[in-house]
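One structure is given below, encoded as structure tokens.
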Amino acid sequence: MVEHGDIRVVHRGGSKINFRKPVITNDSRFLLCASGESVKVFSTSTEECIHDLRGHTDLVTGVLIKPSNHLQAFSCSADGTVRLWDFTDGILIKVRLLPSIVVCPLFQLVAVHLPQSGDQLVEARELSAVLTGISSNPAATVFGRGGEYIASANGLQLEVYFFKKQKAYRFSLKEDNKKGGKNTFTCVACHPNDDCIATGHEDGKIRLWRNFNHKKEYTYSTLHWHHSAVSSLSTNLLSGGIESVLVQWRYNQENQRDFLPRLGAAITHIAVSPDGALYCTSHSDNKITIIQSCVKVSAVIQGLVKGESVGTDLMIDPRSKSLVLNGKPGHLQFYSLQRDKLLYNLDIVQQEYIHESGLQQFEVVKAAFDASGNWLATVEERKQKGAELELNLKLWAFDEQTQSFVLNTTISAPHEAQITGMCFSHATDSQTTMLVSTSKDGHFKAWQLAAQSQTDADEGPSWSCDFVGAYHGLVPECCSFSADGSLLAVSFQEVVTVWSPASWELLTTLSQPPKAIRNLCFGRLSCSKYLLGTTDSNLLCCWNLLTCSLEWSTSMDVSLLLADPLSENMAAFCCQAGLFVFKPSEPRPLFSQKAVCSGMVTRAVFAPREEMLESCEESSQWLNRSQLYFLTQYMVNNTNRSAVKEKKSLVIDDSVAMTPFYLLLGKHRQQQQGGDDPQSGVSAERTPLPQGSVAIKELLQTPAHVLPSTSFLCSMFVQSLLISVTDSREESKHAEEEMESEKEEEDSEEEIESSRTRPEQQAAVGGGEAAESAAPAMTKAQVRELRRVKKLDHSWLAGLLDS
Amino acid sequence: MGEFKVHRVRFFDYMPSAIRAMAFNSHTERLALVRADGALEIFNFADHYFQEKVIPGQDGRAVEALCWVGQRLFSAGLNGEITEYDLENLRPRYTVEAYGGPIWTIGSNKQGTLLMVGCEDGTVKMFEILKERIQFQRNLERQKGRIVSLSWHPSGTLIAAGMMDMIRIFNAETGKEMQHDPESREVVVWSVAFLSDYTIISGDSAGKVQIWDGLTGTLVRTHLVTKWDVLCLSVSQDESSLIAGTSEGTVVQFQFISSTVDQQEEEWVRTRTFKNHSHDVRALAHTETAVVSGGMDTQLVVRPLLDKVEKNTQESAMRKIALPHRSLVCCAKKAGLLLFQFPDHLEVWRVGESDGHGEENTHTHTHTHTHTHYLILPSPSSSSLQVSKLPKDLCLGHQLCFSSDSTKLFASSRHSSVIVVALNQLECKYLHTLKPKSGESRLALFFSSSYFQLDKLSIVAIETTVTIYGSVCLQLHCTVPIYSSCPTAIAIHPTTSHLVVVHADQQIFEYSLVQKEYTEWSRKLQKQGLHSLWLERDTPVTHVTFSLKNPAHIILHDMFMFCIIDQSLPLPESKTLLYNQMTLRSLPEQERIRHSHAFKICKNFKHVMCVSLLEDHSLVVVERPLLDMMSQLPAPVRQKKFAT
């Protein structure tokens, strides 16, 4: 792991395995399914992924066993190729390019003549359109008995094309029957021996079509069990839908049917092994179930469950290092990033899930781990139309014996409105664990594990509310604990309040108007004195908590901000999927890339590496300790990791640093700001503007009673308007140090950082404070002085004398 | 059209009785239907499903089964008698006691020479069909249980009989039992069908339709159709389709089709399910193009098979016949009286003053004095109706009619003759019999009389012929040219003496009795043709009346609308809007005249039994909402509904 490599975005997995119908091989040993850009080969008995057939450059849209050689399989992809694989060995045999088809608004079914040739890359030129205007759903097109005809359904029309006679028959249904059922076709299946086509419909009916080689004397019978759309049908007359019940109909005795209920989620595809012994069903929660002879679920292949939205953020379970997010309805899933496999589901809601569309059910919306992984807090909510919001806050303790989380406390209705943020105190050594939740009802609450003083001591400690905080009736949005747990930052729209969790005292307020704060994040390790926040007005701000002032801010459209728990690094995702990795204390971003993926990055997380990398590349150092995983809208789970195989190391020169981010950052760094009093900071911090006007503004905005005499100010004011000759780069660090200590004395804020970090930290502050001894009286220096004068208030005279 | 004060009458508690049995004659395209009260109805399917004939039922004569033999119609019932109907005179021709207890089923061989009945005592009795009557021939071997259903093999040699728990096959010649197909548990084989390829299909009380090999007696296939009973079966003429009616109100179709496209091997496959009934389907008929079903919910449903008819035509529309195609309500225009005709009694109501709701006092009895005005009494059995002493010839009347001065009563009688009776305060005296031309022995169906400036007339409509008689001289006045479709309503205009005839195919004719020819308006109407929407209506016009104020107005109604035809206005073009009353209302006065046409149709009323204009120019509309009728039905079999 000493090789250096550039940073690449690698698709790590978690892709849909229920996108297309899986295929069971002839010997029933393997299951092939399309998964993102690859085809995965699973063992039907052990659920293990045996091969990952990679090669396609776009989404794989279909897998098929080669009829003439059942050890080979075709796969087709949106990249316009058909590939032939030997799936037992995982070897690509042939690639066939399909000619680019003229884009037409309707889907066409084309017959492709596959030329026989020895080359690996073959271009198929012979294309003939069979049917036009077919449905884009592959389940709606199927070959009939012995490949003599093909049946395709689209909308309200079923089309049967006989290859021998080259004749097509079309059968349409009425748009809507009287009872409001929808007749739209959803899927088609053909009987393997008889000429009977089964079609599934939107209203849950299954029609069996016969005599379809007649224009008029065709006939069909109707079977009805499903209450909503039949999403899948198979040749064995198996059907499934949202009810998550597999129904087996007996052909010709359709009144008798067998059910396999409680399959967990809506059935999207059903595949049957050629000998009929194995069925497999794909489910909407990215799961493939393998069923033996319609009675026993023998194996479950579970991918990353991705619901409608990832309500909970991506989290890393500190114990198992697995990715945690909400999965199945009412569950949290623990997903192994290394093995791309679901470890287990934790049932949070603990209620029966009713499979019906349009029903509002409890959903896990927030979850948080404490630093040691001993506690898990979850929030579930249900909002029914016209009913009050139902909220539950649950706290789970890790049970060593069972190695899983056990429900400790349920707090029903912890807040009166939706919970917007939740976090645990990070301090690992502190005696009490603390949880803070913010809600739209205008309060934030601190929850603490209280030792049980009551009689039932065997119950153990439980959680209770410790403190309820509010700030001017504003709605809190985000909350964050500092790394040592000594500070709590809660954002109230555009105001960030900093509290001391020990005494519940409001320490300071920071503000960066005009828009509300979107993200809030404390720096880690050496940067723990910084608090970073993003606002709706596309501003990334960094406050120094020692000076209680804005360290820097930059205009950047940040959608996601997160801190690496193992290093000082922070990652910010822009709206156009741009990624910047930076240290709050350093001027340049460590890494920047314009578009790491297509589409927006919705969620991301730093996951610690199992073993540290020894990379000395500056640009990839930040990935030594942890990897950055992110979730996009289309591709499910990507990770950013250094590619070790590629020797070509990409040097990030200074031109990279000339990104807008850097330019702004650098500019703001030059414009140092004095540590204002927390009380007056709100107005003083506002809008750092170009240098000249700052002085004027400062002069005009400062209350008159704290200003020095006009005669004193006049000379400074005039000087400020003169053109500066030298830069403010030469600053003495001594004075700075002096200032720091001075400040420490003033604010009785205890500094818990180890002495080791302090000098570094102070050095990093750079030109945080102006030096009094700056020999040339420059405009900037003057302004700074002016500010300082104002700050010192009563002792301004003394300060002036010094200079 | 003007505005009317409307008496909306909804208290006519007419309740048709349940349909019990059905038989379809494919040669004459007539469906015979028998109801639970024994009433027999004949529908002419060739003539727009018009209800041609009704023979009222009799007490204690519950008919269980019907059978056409050629043109002759036989029925058998639980009273143990076989009845042949006289379809000309609308009465039973004769009854024959079978001496086997209640009869459950009746059937004939294909040749039409033999009739068989299945009796309660387990015998199948064969009757020879002679020209004028039937004669007992012999019994087949007597069985232990009752014979519930029978079917004759088309060759006439074998008979399948459905019984309790089993199906037996008899040799029709020897009467010997050949074999039986035992059922496993207690079931009633409600219906059997013997196909020409020796397949027997049975429907039983276990809800199964089973297909048997009739030669070997083996079960070929079982279709479980319902949780309840399969009550009846019907096979199409070409034996390619079979329908089964169930207690759930569904009709299930089976088709004899090959499983693969090219192969010849065919099998019975369950295909469609029709659900048009809320209650038991007791009777079924499989015509060439349609499934005809009827049952406990009293409606006759004709459901065309869409693979046999052209789509989106009048033929492919489903028909539900719920109300009779005759007027059961009479209105005395001057006195403001309403006469409701029930199968066994009459009700007379007086039209009251409308105070918004609740009106009209009743005279609930049979007899009425109509001295002030004439009143038509279309009573089914006039023998129970009239004044104390009736002439002997008046024992059977299907329709009655008073002359306008109430001095004469006309009654239709057998052999299409009309009996004229003179009336005065106390007694009635037989005057004359109007006889049709020799050779025609058909029945008088329609009947009206009117004041005519020269003479007093009565008209008689005999199936498709309309004949006019002078009522003073009592001689044939003229005959209206014959039209192919049945007249459904006839009336003579009181002042202009034009005869208006509406036929089952919705055509309207106006005939001048003075000139003895079609009037100018009628010719114009025929030349231009009726509006297509008018012709598409599927219920016949059952009553025609006239406005006393405006002689150019003809008022007629069917089940779903009433229409005032203004003869002074232009006829609607084929492209104009027929139902234009709502649009006319929104137009200004001048525009309105330009857009209005002769047919002014009001669709505000549903299930109309009668529309009549009283002398004070108020309108009486008698409705019988189907929902009210449905609510009087007994509860259907319980069915599990989803999410209940």
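Every number in this text was worked out from the coordinates using simple rules, so none of it is lab data. Predicted model only: the values in this text are computed from it and were never measured. Methodologically, a virtual Cβ is constructed for each residue, glycine included, from the backbone with ideal geometry; neighbour enumeration extends over all protein chains shown.
For the ranges A:347-354, A:246-253, B:116-123, what's the packing order if you count other beta-carbon atoms within 10 Å of each residue, average per peptide, and put the highest first? Can you show the working numbers first?
On the way: A:347-354: 14.8, A:246-253: 17.9, B:116-123: 22.8.
By packing density, highest mean first, the sequence is B:116-123, A:246-253, A:347-354.
Partner shielding of B:265-276 amounts to 3, given as the average count of beta-carbon atoms from other chains within 10 Å of each residue beta-carbon. Look at the stretch B:221-234: the mean tally of other chain Cβ atoms within 10 Å of its residues' Cβ atoms is 1. Using the average count of surrounding beta-carbon atoms within 10 Å as a protection proxy, the listed peptides B:485-494, B:334-343 rank, highest first, as B:485-494, B:334-343. Using R0 = 35 Å, the C-beta based FRET efficiency linking B:Ser240 and B:Asn139 works out to 0.50. Charged side chains reduced to their Cβ positions (Lys and Arg at +1, Asp and Glu at -1) give segment B:204-274 a dipole of some 340 debye around its Cα centre. Among the trypsin sites (Lys or Arg not before Pro) in segment A:133-173, those placed in a DSSP loop whose Cβ has at most 14 other Cβ atoms within 10 Å are A:Lys164, A:Lys165.
The share of Cα pairs per 10 Å bin across segment B:250-345, counted from zero up to the longest distance, runs 13, 30, 26, 16, 9, 4, 2, 0 percent.
Charges at C-beta only: +1 for Lys and Arg, -1 for Asp and Glu. How large is the resulting dipole of segment B:2-50 about its Cα centre, in Debye rounded to 20?
180
The residues A:Val490, B:Val148, when put in order of fewest to most other Cβ atoms within 10 Å, stand as B:Val148, A:Val490.
Taking the Cα centre of segment B:230-321 as origin and assigning +1 to Lys and Arg Cβ atoms and -1 to Asp and Glu Cβ atoms, the resulting dipole is close to 560 debye. Summarising the amide proton neighbourhood of B:Asp86: residues at separation of 5 or more, or on other chains, whose placed amide H is nearer than 5 Å comprise B:Arg91, B:Arg93.
For segment B:75-175, which trypsin sites (Lys or Arg not before Pro) are both in a DSSP coil and crowded by at most 12 other Cβ atoms within 10 Å? Taking segment B:75-175 and a limit of 12 other Cβ atoms within 10 Å, the loop trypsin sites (Lys or Arg not before Pro) found are B:Lys110, B:Lys131, B:Arg133, B:Lys144.
If you take the Cα centroid of segment A:231-251 and the Cα centroid of segment B:64-136, the two points sit 51 Å apart. Across segment A:143-148, computed HN-Hα scalar couplings (Karplus, 6.51 cos²θ - 1.76 cosθ + 1.60, θ = phi - 60°) run 7, x, 3, x, x, 6 Hz from first to last residue, x flagging Gly and Pro. Close amide-amide hydrogen proximity is noted between B:Asn276 and B:Val251, each under 5 Å apart and 5 or more residues distant or on a separate chain (H modeled in the peptide plane; Pro and chain starts excluded).
Write down Rg/Rh for segment B:50-99, rounded to two decimals, with Rg from the C-alpha atoms and Rh from the Kirkwood relation over Cα pairs.
Working: Rg = 10.8 Å, Rh = 11.4 Å.
We get a ratio of 0.95 for segment B:50-99.
Taking amide H as placed 1.01 Å from N in the peptide plane, the amide H of A:Phe405 sits under 5 Å from that of A:Asp399, each at least 5 places away or on another chain.
So which chymotrypsin sites (Phe, Trp or Tyr not before Pro) in segment B:91-168 are both in a DSSP loop and have at most 16 other Cβ atoms within 10 Å of their Cβ?
B:Tyr99
Hull volume per residue, based on the alpha-carbon atoms of segment A:18-111 and their convex hull, is 103 Å³. Peptide B:581-588 shows a mean partner chain C-beta count of 0 within 10 Å per residue C-beta.
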